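Asks: First the structure, which I've put down as C-alpha cells, then a few questions once you've had a look.
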Amino acid sequence: MKIYKNLTIVGTSHISIESVKEVEEIILKNKPDVVALELDRVRFEALVNKRERRLRLSDIKKIGFNGFLFNLIGGFIEKRLGKIVSVAPGSEMKKAAEVAKKCGAKVALIDQDVSLTLKKISKEITWREKFRFIKDVIKGISAKRIKFDLTKVPPKSLIKRLTNKLKIDYPNLYRILVKERNEIMAKYLYILMNSYNSVVAVVGAGHEEEIIEEIKKWGYLQKKKEGH
C-alpha cells in the first residue's frame, strides 16, 4: 500500500485471497469518495456480471493475431493459477466494487480499453520478443521455478526483479503493458484527486510507485501551465 496526499494505492495480486481481504479492510477503514479500479468498462462488466470474457477468432481482425494469442495464453495461465488457490482472477477488483457500493463510494475505471492494449501488442511487438515469449511459455517460468505463496501478494523484491526482466527481455511489451498504462492511470487518478477528498485505487502490485511518480509529473506540468 502507498499513500500520496489524498490517494491510497493498494497493490494486489489478481488471484490472492490476501488481496481480497486487504482491499475490503482498506476501503472500509478509509471510506473514500471514490474507489478507482485497474479495469476498463468491458472487463468490469464481465467481472460484476459473472460473464467470462472470451475472445473469438473474429476478434483477430480488431486486435490482431499477436494480441489475440497473448490474451489467450495470459488468460489461460491466470485462470490455471486461480484454480490452484481457489480464487477467481479479479476477485479483489470485484470485492472492491462491492465494498465501494456499501460505503456509498463511486467506482472509477482508470485503465485503458483492453482491445486497444492488445491491438498495440499486435502492431508493436518485435519478432525477437515473439520468439522469446513462445520460448519462455514452452519452457515455463524458468528451469529454477520461482517459489512464493500464491495466496499472498508477491514480495516487492520479486516484483521488481520480474519487472526488470520484462523491461530487458520484452522492451515493447513492457512499454505497452506497464509504462503507458501507468501514465494513463496516473492521469485519471490526478483528476480524481483534484475532484474528491479521498481516493482509494486498486491496481496490480508493481504499478504503485510508477503511478505516483507519474501523478507528481502531472502536478508539476499543471502548475507550470498555470504559471506557478
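The values are calculated or read from the model by the stated rules, or taken from the named source; none is laboratory data. Owing to the predicted nature of the structure, the values given are computational and were not obtained by experimental measurement. Reconstructed Cβ throughout: ideal geometry from the backbone, glycine too, with neighbour counts over all protein chains shown.
Asks: Just one of the numbered conditions (1) closer than 27 Å to Leu173 by Cα; (2) hydrophobic (A, V, I, L, M, F, W, C); (3) at pLDDT 95 or above; (4) more than 15 Å from the chain's Cα centre (by Cα) is not true of Ile77; which one?
Replies: (3)
Asks: Within the stretch 98-120, is there a residue that is at pLDDT below 80 and of a type in the set (Val, Ile, Thr)?
Replies: The answer is no, given that none of the residues of the stretch 98-120 is at pLDDT below 80 and of a type in the set (Val, Ile, Thr).
Asks: On the basis of being closer than 28 Å to Lys29 by Cα and surrounded by fewer than 17 Cβ atoms within 10 Å (Cβ to Cβ), does Lys167 make the cut?
Replies: no
Asks: Among Asn182, Asn197, which is assigned to a loop (DSSP other than H, G, I, E, B), within 25 Å of Lys95 (Cβ to Cβ) and either at pLDDT 95 or above or touching a Phe, Trp or Tyr at 6+ places or on another chain (Cβ under 8 Å) (or both)? Quick ask: steps written out before the conclusion?
Replies: Details: Asn182 fails: assigned to a loop (DSSP other than H, G, I, E, B).
Only one candidate passes the filter, namely Asn197.
Asks: Check Ile3 against each of (1) within 16 Å of the chain's Cα centre (by Cα); (2) not in a helix (DSSP H, G or I) and name the one condition it does not meet.
Replies: (1)
Asks: Restricting to the stretch 24-43, and then to whatever is farther than 17 Å from Met193 by Cα and of a type in the set (Lys, Arg), can you tell me which residue is modelled with the lowest pLDDT? Please lay out each step first, then the result.
Replies: First, the residues of the stretch 24-43 that are farther than 17 Å from Met193 by Cα: 24-26, 28-29, 39-43.
Okay, now just the ones that are also of a type in the set (Lys, Arg), so 29, 41, 43.
Numbers: Lys29: 96, Arg41: 93, Arg43: 90.
Going through the qualifying residues, I end up with Arg43.
Asks: Starting from residues that are on the phi < 0 side of the Ramachandran plot and in contact with a helix residue (DSSP H, G or I) (Cβ under 7 Å, 6 or more places away or on another chain), keep the ones in the stretch 204-218 and report whichever is modelled with the lowest pLDDT.
Replies: Trp218
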